[in-house]
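These notes are about the structure you will find just below.
The values are calculated or read from the model by the stated rules, or taken from the named source; none is laboratory data. The shown structure was predicted, so the numbers you read here are calculated from the model rather than taken from an experiment. Neighbour counts run over all protein chains shown; Cβ positions are idealised from the backbone, glycine included. The accessibility values were calculated without ligands, DNA or RNA, using every heavy atom of the protein model including side chains. Shrake-Rupley method; radii C 1.70, N 1.55, O 1.52, S 1.80 Å.
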Amino acid sequence: MEVKKNTAPYWWVPSLYFAEGIPYVIVMTVALVMYKRLGLSNTEVTLYTSWLYLPWVIKPLWSPVVDLFRTKRWWIIVMQLVIGASLAGVAFTLRMPSGIQWSLAFFWLMAFSSATHDIAADGFYMLELNEHDQSFYVGIRSTFYRFATIAGQGLLIMFAGVLEVYLKNPVRAWSFTFWVAAAVFLGLYLYHRFMLPRPESDGRAGSLEVPFRSLGDPFRSFFSKPQIGVALAFMLLYRFPEALLTKVSPLFLLDRTSAGGLALSTNELGWVQGTVGVFGLLLGGVSGGIAVSSGGFRKWLWPMVMSISLPNAVYIVLAYFQPDSLLLVNLCVFIEQFGYGFGFTAYMLFLIYFSQGPTKTAHYAFCTGFMALSMMLPGMVAGWLQEHIGYLNFFILVMALCPLTFVVAAMIKVDEQFGKERVS
């Protein structure tokens, strides 16, 4: 069956970015919940899953390979096949004697394939669509990426929770859940195999020397930018408290009350964090974009700093009182996630500002690598910290570290023009 070269964007843009979001949320969130439900300690869960950020940290280093070998369409199709096979691999190996180790190996394969898929998909989007269509579909691609978050972090976890109750065996429940996820993703692979267009401009770079040599120039220019240290401090520390909180909060919601948690079921967690929480995150992000577009970055920087920091205190309240009201838990998670979404706008805008210049695409890729690193490093020790000091003290520590966000935010300066960043 021959693929049409002029497939309309609405046939593939939504599904492509839905497919981009699914493996990321499975690796970052679903794996965290699964390992907790399978009996791993918080230290093990956060350490193992935080390492899975690594492919996104180093993604800029192998992005030239995607340009050099084959077409971006080829990379998309092959990576989707590998991701689908990785999901099946997790499902198949979970019930084996060394299921944890084998599943982690497949999660690693999924993470590297997903990061590579991101490179190819974003490049394909820019190749196939003209400037007008890129602007028109940017909201659609973001929306379907969020739908993927709800599908993975919400529906998939809720489905696993229902199976846990029905099968009375967490290993079998999660194995079946991943078989379903694999079937869905392989369906996306087959769909894109025939529906993705074939742009004439989507060719291989042709020379080994040029892409790798050209990588050195943006690398050197990035690290020679004025006050690069200030920028890196902002990228790594602005979300430091939130990075700790993100890894531990679902474990806290799941953990038994005698250990200081709230003892939510897997199904309830999928609703609280994967549906209500994601809706709050989305609403906060949209509100942040509207605010900046009307008042500018400088006007809204400090409200956003407070927004990403102060709502973390809801977890102190939850850990202290350990309420059994699901409505109250939903409200607290919604508030914290709305604040995170609103405050994260400032972070993303700073990355855009700092990336400006002749090689802004490469510079932005470096920035996103540091963004992933800012989540990876704190997450690796989050579970260990929590197990040593308890949930309540851990959340108090998170709040005590919030001044870091204020300090690094005070170090940056941006124009009132909302388009050019400068560091003093």
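Given a 1.4 Å probe and the protein chains as shown, CYS332 ends up with an accessible area of around 10 Å². Per-residue SASA remark: ASP118, around 10 Å² accessible (1.4 Å probe; ligands, DNA and RNA not included).
Each Cα pair under 8 Å and six or more residues apart adds its separation to the average, and for the range 215-351 the resulting relative contact order is 30 percent. Only helices enter this figure: runs of n ≥ 4 DSSP H residues, each worth -39500 (n - 2.57), summed and divided by the residues of the chain, yield -24500 deg cm²/dmol at 222 nm to the nearest 500.
Taking the 1.4 Å solvent-accessible surface of the range 1-93 as the whole, the part contributed by carbon and sulfur is 66%. For LYS413, nonlocal amide neighbours, meaning residues 5 or more places apart or on other chains whose placed amide H falls under 5 Å from its own, are ARG422, SER424. Extension gain, VAL78 to THR257: 0.36 nm times the residue separation minus the Cα-Cα distance gives 59.9 nm. Solvent-accessible surface of protein heavy atoms, probed at 1.4 angstrom with all chains present, puts LYS360, LYS36 in the order LYS360, LYS36, largest first. Convex hull volume of the C-alpha atoms in the chain, normalised per residue: 140 Å³. The figure for THR143 is an accessible area of roughly 60 square angstrom, using a 1.4 Å probe on the protein chains alone. Computed with the Debye formula from one identical point scatterer per Cα of the range 9-97, without solvent, the log10 of I(q)/I(0) at q = 0.12, 0.14, 0.15, 0.21 Å⁻¹ comes to -0.50, -0.66, -0.75, -1.20. Short-range pairs are left out: with C-alpha atoms under 8 Å and at least six residues apart, the relative contact order of the chain is 25 percent. I want to verify a result. In a Gaussian network model of the chain, Cα cutoff 10 Å, which of these has the top mean-square fluctuation: ILE83, ILE290, ILE316? Among ILE83, ILE290, ILE316, the largest GNM mean-square fluctuation belongs to ILE290. Summed over the residues of the chain and divided among them, the accessible surface reaches 43 Å² per residue at a probe radius of 1.4 Å.
When GLU268, GLU336 are compared by accessible area of protein heavy atoms, the largest-first order is GLU268, GLU336, using a 1.4 Å probe. Working from label points 7 Å from Cα in the Cα-to-Cβ sense, the TYR191 to MET348 distance is 2.3 nm. Taking all protein chains together, LYS413, LYS225 sort by accessible area into LYS413, LYS225, largest first [probe 1.4 Å].
Please go through the residue pairs LYS36/LYS247; LYS59/LYS413; LYS72/LYS360; LYS225/LYS299; LYS299/LYS413; LYS59/LYS360 and name each one whose alpha carbons sit more than 18 Å apart in this structure.
Pairs exceeding 18 Å: LYS59/LYS413; LYS72/LYS360; LYS225/LYS299.
Using a Gaussian network model of the chain in which every pair of alpha carbons under 10 angstrom is joined by a spring, one finds that among SER355, SER294, SER41 the greatest mean-square fluctuation is at SER294. Placing dummy labels 7 Å off each Cα toward the beta-carbon, the span from ASP324 to LEU283 is 2.8 nm.
GNM on the chain, alpha-carbon springs under 10 angstrom: the most fluctuating residue among GLY390, GLY152, GLY277 is GLY390.
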